[in-house]
Amino acid sequence: MKKLFSYAIATFMSCLLAVACTPANNNTITPNSPTTSGNQSSIPIGIAVAQTSNVALLGQEQVTGVKIAETYFNKLGGVNGTPIRLVLQDTAGDEQGAINAFNTLISQDKVVGIVGPTLSQQAFSADPIAERAGVPVIAPSNTAKGIPQIGKYISRVSAPVAVVAPNAIDAALKINPQIKKVAVFFAQNDAFSKSETGTFQETVKQKGLELATVQTFQTTDTDFQSQVTNAINIKPDLIIISGLSADGGNLVKQLRELGYKGLIIGGNGLNTSNILPVCKALCDGIIIAQAYSPELKNEVNTAFRQLYTEQNKKEPPQFSAQAFTGVQVFIEALRIIDKTTKLSTLALPQLRTQLNETLLAGKYVTPLGEISFTPEGEIVQKQFFVAQIKMDADGNSGKFAFIK
């Protein structure tokens, strides 16, 4: 592994010193030519996530995860000696941002595949573009119903909400078996939140609990006093929130400030430590189902966890782990193809098609545990978890404590 990495660095330096690198054919991955000026030969993988807007709290975690993956796997030799190169495009927080990012990655950056976008709402608009172009997409955080069904080039490493979310309700009932009455809040302008709340509401009914009220809001809202007052008036034993980190954190804050003392379940959009600065001490006790645990024991997660904590001084969150996994799946599939047919001999459209077919057929040991895909592109994942936010005494920092 060290020899491969040293070889890659040596190649990079000789390319710079010789100043003899010529642009590669845009339709072929060519090992003897760099893909951008001043770079060594590399395989471009697109990353389309939200780096700005109100969704950036999630997208920034994804950027951290993919960059760790880039460094980690390139040190291991990349794709059989050829490094991968991430090409990042900002989707911001809306559909048009994701569409623009996908178009640029596909047509201008000539990537072999795309990890993204951040939101399911964006995926329903942007993924069809990749599908028509024959470009494989791995969704790192799109858990809404119907994502893999967009097309044969669309898969995901983010387990569907229907599989993950019910675990949070089970955990809440173990903490308080006396729960009877439930209030539900969801962001009606977000496809994921609408999908997730459907699962939560159905699970509430299946458990024989009373769905006492359903309150709606927008992901851009900051004032929830009316909805909170309506919910508190019916005296719920449990409140379930499907939204994003900024709006969800503010909603939790206002629920506590106006007197609600019962359990709160947060959906996947609240599954980030970036919520802590929003609701601070009032975040304490939020229950969130997880598709990732830093404590999972395997070689790649141990390495990922170490790299993340060294860089960020905290445990890695689910969004970073899933984004890392998306890059990992592409790399491992590319290695398999390259062993049979050198990537440099394949036209880009052919490589994209083979990459999609190969990744769907593989099995992977990742930070999420052992995963594979159905022929339709749905993730098959063995392990899930539930965590509860435990705030420190200062009320400014805290952690996700996993419930055994």
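Numbers for the structure displayed
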quantity	calculated
Loop-located GluC sites (Glu not before Pro) in segment 309-404 whose Cβ has at most 16 other Cβ within 10 Å (DSSP)	Glu376
Built amide H within the under 5 Å cut-off of Arg156, gap 5+	Ala139, Ile379
Intensity falloff of the chain expressed as log10 I(q)/I(0), Debye formula with alpha-carbon point scatterers, at q = 0.09 Å⁻¹	-0.53
At most 10 other Cβ within 10 Å, DSSP loop - trypsin sites (Lys or Arg not before Pro), segment 270-324	Lys297, Lys313
Helical mean residue ellipticity (222 nm; -39500 (n - 2.57) per DSSP H run of 4+; nearest 500) of the chain	-13000 deg cm²/dmol
Residues Asn80 and Gln108, FRET efficiency given R0 of 25 Å [Cβ-Cβ distance, rounded to 0.05]	0.40
Viscosity 0.890 mPa s, 25 °C: Kirkwood-radius Stokes-Einstein D of segment 41-134 over Cα pairs, µm²/s	184 µm²/s
Estimated inter-spin distance, Lys174 and Gln225, nm [label 7 Å along Cα→Cβ]	4.0 nm
Mean projected area in nm² (Cα convex hull; one quarter of hull surface) for segment 329-404	7.9 nm²
Long pairs among Lys205/Lys399; Lys297/Lys339; Lys280/Lys399, criterion Cα-Cα beyond 22 Å	Lys205/Lys399; Lys297/Lys339
Summed residue charge, Cβ within 10 Å of Gly134's Cβ, Lys/Arg positive, Asp/Glu negative	+2
Net charge contributed by nearby residues that have their C-beta within less than 10 Å of Leu209 (K/R +1, D/E -1)	+2
Charge-dipole axis of segment 272-404 as Lys and Arg at +1 and Asp and Glu at -1 on Cβ define it, positive-most pick from Ser397, Thr340, Pro294	Thr340
Mean shadow area of segment 93-151, taken as a quarter of the surface of its Cα convex hull (nm²)	3.4 nm²
The chain - percent of accessible surface contributed by carbon and sulfur, probe 1.4 Å	51 percent
Amide H contacts under 5 Å for Ile265, placed H, 5+ residues apart	Ile239, Ile240, Ile241, Ile287
Segment 194-263: trypsin sites (Lys or Arg not before Pro) falling in loop per DSSP and having at most 15 other Cβ within 10 Å	Lys207, Lys261
Kirkwood-based shape ratio for segment 214-257, expressed as Rg/Rh from alpha carbons	0.91
Cα-centred dipole magnitude for segment 88-165, charges only on beta-carbon of K, R (+1) and D, E (-1), debye, nearest 20	280 debye
Descending Cα extents along the principal axes, segment 143-200, whole Å	46, 23, 11
Distant-in-sequence amide H partners of Val49 (H built 1.01 Å from N, under 5 Å)	Gln89, Thr91
Rg(Cα)/(2.2 N^0.38 Å) for segment 239-292, N = residue count	0.99
Degrees between helix 348-361 axis and first principal axis of the chain (Cα, 0 to 90, nearest 10)	50 degrees
Cα-based helix-to-principal-axis angle, 166-175 vs the chain, degrees rounded to 10	40 degrees
Cut-off 14 Å between beta-carbons: net charge of the residues surrounding Ser158, Lys and Arg +1, Asp and Glu -1	-2
Overall dimensions of segment 132-247 as given by Cα atoms, namely Rg and Dmax in Å	16.1, 53
Given charges at beta-carbon only (K, R positive; D, E negative), |dipole| of the chain in Debye	840 debye
Phi-based couplings in Hz for segment 239-249 (Karplus 6.51, -1.76, 1.60; Gly and Pro marked x)	10, 10, 10, 10, x, 10, 5, 5, 5, x, x
Segment 241-358 - Kirkwood radius from inverse mean 1/r over Cα pairs (Å)	17.2 Å
Dipole of segment 267-404, positive end: most advanced residue of Val329, Pro375, Gln388 [Cβ charges, Cα centre]	Val329
Under 27 Å from the Cα of Lys207 - lysines, other chains or at least 8 residues apart	Lys145, Lys174, Lys180, Lys181, Lys194, Lys235, Lys261, Lys382, Lys390, Lys404
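The values are calculated or read from the model by the stated rules, or taken from the named source; none is laboratory data. Note that the structure is predicted; figures quoted are calculated from it, not measured. Cβ atoms come from the backbone with ideal geometry, glycine included; neighbour counts cover every protein chain shown. In case anyone asks, the SASA skips ligands and DNA or RNA and just uses the protein heavy atoms, side chains included. Shrake-Rupley method; radii C 1.70, N 1.55, O 1.52, S 1.80 Å.
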